[in-house]
Amino acid sequence: MIERHMAESEPRSDRDLVDRFRHGDREAFAALYRRHFPAVYRFAFYMTNDSPRAGEITQDVFIWLAGHPAQFDPARGDLGAFLGGVARKFVHRQQRHDQRWLPLEEAAGRQGDSADFAGGLERQQEAAGLRKAIAALPARYREAVVLCDLEGQSYEAAAAAMGCAVGTVRSRLFRARELLVRKFQGNRERQKC
């Protein structure tokens, strides 16, 4: 009885949950969703810099998984990396679609009264500026920054997710960081004037 209770309380592996879902267990899918939603959403958000769009992409990833659970092959890697690859494809599809439309200008930020509020607003604006700068990078550089710098993945894991060599990830990451530094140095010089 104690052994059974311990087995039930242990977290199930992704492989086990996917297998259970394939056989109709909806709770297994819910467990997969709870486990992997944050990482998929963060990736989509960092790639798009748009919270509603990131939510839509995340939803699309899990809807796709619900319809294609047999596509996951645990012998090729873990489910998190697999879902990251699916999210990557949805992000690219969205970006191709968006290239047909002109982006709308963002509304101006609010002004605050207190110094504490102003400091918090300044930090939020800096973070928003960084997210905007990352979102403006070419997709191949943006992916490297999102996967390695924001998600903390190793070069090897990023290379597997991007479908390229580790050296390519390193060079793209170097170039992306270089572009971001130039962008922020240019902004500071303009602010001095």
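The values are calculated or read from the model by the stated rules, or taken from the named source; none is laboratory data. Since we're looking at a predicted model, the values are computed, not measured. Here Cβ is always computed from backbone atoms with ideal geometry, including for glycine, and neighbour counts include all displayed protein chains. Ligands, DNA and RNA are excluded from the accessible area calculation, which covers all protein heavy atoms including side chains. Shrake-Rupley method; radii C 1.70, N 1.55, O 1.52, S 1.80 Å.
What are the pairs with Cβ atoms under 8 angstrom where one residue, in segment 68-81, is touching a residue at least 24 places away in the same chain (Cβ under 8 Å) and the other, located anywhere, is open to solvent by less than 30 Å² (accessible area, probe 1.4 Å) and not in a helix (DSSP H, G or I)? Sequence gap at least six, or different chains.
Listed pairs, sorted by first residue: L79/F72.
Take E105 and tell me if it is outside any helix (DSSP H, G or I), modelled with pLDDT under 90 and open to solvent by 100 Å² or more (accessible area, probe 1.4 Å). Outline the logic, then answer.
On the way: outside any helix (DSSP H, G or I): yes; modelled with pLDDT under 90: yes; open to solvent by 100 Å² or more (accessible area, probe 1.4 Å): yes.
The answer is yes for E105.
Look at segment 124-177 and say how many of its residues are among the β-branched types (V, I, T) and surrounded by 17 or more Cβ atoms within 10 Å (Cβ to Cβ).
4
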